[in-house]
1. Once each part is reduced to its C-alpha centroid, what is the distance from the range 25-45 to the range 71-141 in angstrom?
2. For the range 60-74, list residues with backbone N below 16 Å from a point placed 7 Å from the Cα of residue 167 toward its Cβ?
3. Normalising by the residue count of the range 56-196, find the relative contact order in percent from Cα pairs under 8 Å and 6+ residues apart.
4. For residue 26 and residue 120, calculate 0.36 nm times their separation in residues minus their Cα-Cα distance, and state this gained length in nm to one decimal.
5. Based on DSSP H runs of at least 4 residues, each adding -39500 (n - 2.57), what is the mean residue ellipticity at 222 nm of the chain after dividing by all its residues, to the nearest 500 deg cm²/dmol?
6. Sorted by average packing, counted as other Cβ atoms within 10 angstrom per residue and highest first, what order do 77-86, 132-141 take?
7. Please work out the FRET efficiency for the pair residue 42 and residue 7, using the Cβ-Cβ distance as r and a Förster radius of 35 Å; give the result to the nearest 0.05.
8. Under a crude label model (7 Å from the Cα following the beta-carbon direction), how far is residue 80 from residue 152 in nanometres?
């Protein structure tokens with residue numbers, strides 16, 4: 001009987017020690033390391049305007065519709081798109097009629113909005129949603145096509161807008177993973193004069 005009680009005691013102590021390490025010390029160490037080495041990222045990569053208002057995060061896309069703004073990648077997240085609580089793609093395959101009809105409609109709208117001839121190729125990220133529906137970036141090519149429209153709507157020189165595009169282009173992660181992309185929220189806020 002004493003052997004059984006001793007085993008129970010060891011099991012309880014091992015469980016408590018493991019819980020203390022895995023549920024207390026380890027998360028505290030990870031949190032502390034994040035706060036020390038990567039405070040901006042660890043706190044959500046929040047974008048704060050000049051007047052100290054949090055307007056979003058650089059990690060999630062937001063919808064913009066006015067001609068004076070760069071348009072983000074289309075979103076299938078939620079009923080109206082860009083819903084962070086409903087992240088996800090449309091689940092339509094590349095040969096689905098609904099998908100192809102949607103892309104065709106978006107291509108026509110994109111060409112019309114940006115005054116492009118019918119034969120001009122349209123970047124894929126301008127007419128297809130990302131897997132999350134919340135991609136914060138557009139391709140550099142997409143941004144360059146939209147730049148004349150934005151410059152015209154804002155009465156700015158095209159070179160000023162293209163300089164802002166370059167400034168808010170993020171390179172590949174760690175210099176090798178992925179491709180460069182333009183952060184739409186940061187770019188639009190900068191053009192509004194709301195970023196420092």
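No lab work stands behind these numbers, since they all come straight from the coordinates. Remember, predicted model here, so these are calculated numbers, not experimental data. Neighbour counts are summed over all protein chains in view; Cβ atoms, including those assigned to glycine, are modelled from backbone coordinates with ideal geometry.
1. Centre-to-centre distance over Cα atoms comes out at 34 Å.
2. 70
3. Averaging sequence separation for qualifying contacts and normalising by length gives 28 percent for the range 56-196.
4. Using 0.36 nm per residue and subtracting the Cα-Cα distance, I get 28.4 nm.
5. Calculated mean residue ellipticity at 222 nm is -13500 deg cm²/dmol.
6. Highest to lowest by the protection proxy: 132-141, 77-86.
7. Computed FRET efficiency for residue 42 and residue 7: 0.25.
8. Result: 2.8 nm between the two label points.
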